[in-house]
1. Each label point is 7 Å from the Cα along the Cα-to-Cβ direction; what then is the distance between the points at Thr216 and Gln179, in nm?
2. Is there a quick way to get the dipole size of the stretch 110-236? I mean about its Cα centre, with the Cβ of Lys and Arg at +1 and of Asp and Glu at -1; what is the value in debye to the nearest 20?
3. Mind ranking 129-135, 43-49 by how tightly packed they are, going by the mean number of other C-beta atoms within 10 angstrom, highest first?
4. Run lengths n ≥ 4 of DSSP H only: what is the helix-derived mean residue ellipticity at 222 nm for the chain, with -39500 (n - 2.57) per run over all residues, to the nearest 500?
5. Kindly express, to the nearest 10 degrees and within the range 0 to 90, the angle between helix 59-71's C-alpha long axis and the longest C-alpha principal axis of the chain.
6. Rounded, prolate or oblate, given the Cα gyration tensor of the stretch 152-236, with a/c below 1.5 counting as rounded?
7. For the pairs Lys192/Lys230; Lys39/Lys128; Lys90/Lys185; Lys59/Lys161; Lys185/Lys212, flag any whose C-alpha to C-alpha distance is greater than 20 Å.
8. Show the residues, 5+ positions off or on another chain, whose built amide H is closer than 5 Å to the amide H of Leu34.
Amino acid sequence: MPELLIEVVRADLHKHIEPGRSASGQKYFKGGILIYGVKTPVVNQISKSFFPEIEALEKAEVWRLCEALWASGYLEESLVACNWSYRLRKKFSREDFYVFETWLSRYVNNWASCDTLCNHTIGTVVEKNPELIEVLMRWAGAENRWLRRASAVTLIVPARKGLFLSGILQIAEILLTDQDDMVQKGYGWLLKVAAEVYQEEVFDFVVNRRHKMPRTALRYAIEKMPAGLKAAAMRK
């Protein structure tokens with residue numbers, strides 16, 4: 001039965017726990033999350049090894065298994081769920097976006113789970129359905145810090161392809177003065193990636209807002225720009 005697979009996956013994760021890694025992970029994520037203490041490459045390999053056992057299931061059944069992993073609260077289980085969902089990307093539909101939005105709003109409580117889910121799984125759906133950027137803009141105004149970060153990091157991969165510049169800048173505008181460092185780093189990262197294709201446009205955006213933009217977001221955004229542009233953007 002599919003439900004038993006979750007217990008097998010958990011048992012395999014337990015076998016790969018490294019002593020002390022959970023405690024060090026708590027310090028890395030500043031506490032407050034559940035961590036078994038398994039290295040991410042090992043988690044990825046475990047998720048890959050078990051995927052053939054669910055590949056033939058109906059998509060809705062896979063989503064149910066993924067949600068069971070998310071609901072555990074453990075970082076490593078969330079990463080397995082992210083890997084499994086992304087492996088079904090060829091079957092994604094617009095409606096799946098709202099399944100993933102539910103996982104994001106209910107279960108995500110750290111940047112690693114947020115970014116893994118958003119960069120790949122959610123970003124792929126949005127790339128296929130650009131009208132969903134309007135939903136990302138609503139996320140940018142949400143009370144939930146991870147929804148706000150997600151509004152930006154969902155567009156990281158499309159930004160690398162030169163897509164959605166207008167939406168990227170609109171989301172950055174909404175998030176511009178956000179006081180949460182996780183959000184600042186998220187939209188600063190997005191601007192940095194967008195600048196690889198649209199350096200002039202991103203520079204103009206940043207330099208015209210440098211007096212309002214938190215320095216954390218500003219530094220992220222200009223990280224890969226030429227020294228002269230960096231100096232102009234950082235000028236007080």
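1. 1.2
2. Working: 18 positive and 14 negative charges, 101 e Å.
About 480 debye.
3. 43-49, 129-135
4. Working: 16 runs with 156 residues, N = 236.
That comes out to -19000 deg cm²/dmol.
5. 80
6. Since a/c reaches 1.5 but b/c is at least a/b, the shape of the stretch 152-236 is classed as oblate.
7. Working: Lys192/Lys230 12 Å; Lys39/Lys128 32 Å; Lys90/Lys185 30 Å; Lys59/Lys161 28 Å; Lys185/Lys212 15 Å.
The pairs that break the limit, which is 20 Å between Cα atoms, are Lys39/Lys128; Lys90/Lys185; Lys59/Lys161.
8. Here the answer is Leu75, since their amide H atoms fall under 5 Å of that of Leu34.
Where a number appears in this text, it was derived from the coordinates with a stated rule and is not lab data. Because the structure is predicted, anything quoted here is derived from the model rather than measured. In this analysis, Cβ positions are derived from the backbone assuming ideal geometry, glycine residues included, and neighbour counts consider all displayed protein chains.
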